[in-house]
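As structure tokens, the structure follows; a few thoughts come after it.
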Amino acid sequence: MADVEKQTLNKGYYGPSIPPKSRSYHSHGRGSGCGCCCCLLGFLLKLIVTVVIIVGIAVLLFWLIVRPNKVKFHVVDASLTEFNLTSDNILQYNLTVNMTVRNPNKRIGIYFDRIEAKAYYEDALFDSVELERYYQGHKSTHTLNPEFTGENSVSLGASELSNFNSEKASGTYSIDVKLRLRIRFKLGILKIGTFKPKVTLCDVNF
């Protein structure tokens, strides 16, 4: 009996298969992706902050070196030889305005590529003229002489008509003159941008 058991033990084992030992697997893909995204976001944030700081320093240095000042517009005198309103709201006028443009900057020149002067009475536009474009150098003064002559239909309400009659009786009219510009700045050999400022001059009394 013992010999039989030895023979049995020495033979191969044909029982049910023994399951292999379980192995634990760790997913590295998702965690690695998150790490890369965080690194990329951190890099972009640092890059943006660096660019903002550099631009800020450049603007500060530009201001300290150039010290830009506002261009000044001043009405020297004006002449109104005709200003009549007919019964059918036709305004007849002859207006000349003399004004100066002062560039106080030491290093900045100005290209006036377009100058449009507009004349208003009681917020109603009655004429506009295009003036000759020009270049204005550093610390210089230029003279503009827009002339408004002719007649035009205007829309005035009862209140505006009452004001017109009152001003006609006093011989003094309040007229607004405004400028619409298209300009560029010159700094050294650089020509900077295209800007479209609007200039509202103070009421001109005649």
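Whole-Hz Karplus values for segment 94-103 come out as 8, 10, 10, 10, 10, 9, 10, 10, 10, 9 Hz, taken residue by residue from phi with 6.51 cos²θ - 1.76 cosθ + 1.60 and θ = phi - 60°; glycine and proline positions read x.
Computed over every Cα-Cα pair of segment 72-205 and binned at 10 Å starting from 0, the pair-distance distribution P(r) comes out as 11, 39, 27, 15, 7, 1 percent.
Across segment 131-147, coupling constants 3J(HN,Hα) worked out from phi with the 6.51/-1.76/1.60 Karplus curve, θ = phi - 60°, read 9, 5, 6, 6, 10, 10, x, 5, 6, 9, 10, 10, 10, 10, 9, x, 10 Hz, and Gly and Pro carry x.
For the pairs LYS70/LYS178; LYS70/LYS118; LYS139/LYS186; LYS72/LYS139, note any where the Cα-Cα span goes beyond 19 Å.
Violating the 19 Å limit, Cα to Cα: LYS70/LYS118.
Amide H contacts of LYS139 (H built 1.01 Å from N, in plane; Pro and chain starts excluded): ASN105 sit under 5 Å, all sequence-distant by 5 or more or on other chains.
Listed values for segment 155-163 are Karplus-derived 3J(HN,Hα) couplings in whole Hz (6.51 cos²θ - 1.76 cosθ + 1.60, θ = phi - 60°), namely 9, 10, x, 4, 5, 5, 5, 5, 5, and x replaces Gly and Pro. Close amide H partners of ASP113, meaning residues 5 or more places away or on another chain with modelled amide H under 5 Å apart, are ARG182, ILE183, ARG184. Counting only protein heavy atoms and using a 1.4 Å probe, what share of the accessible area of segment 72-205 belongs to carbon plus sulfur, as a whole percent? Of all accessible area on segment 72-205, carbon and sulfur atoms account for 45 percent.
The values are calculated or read from the model by the stated rules, or taken from the named source; none is laboratory data. Bear in mind that the values here come from a model prediction, so they are computed numbers and not experimental data. Calculation scope for accessible area: heavy atoms of the full protein, side chains included, ligands and nucleic acids excluded. Shrake-Rupley method; radii C 1.70, N 1.55, O 1.52, S 1.80 Å.
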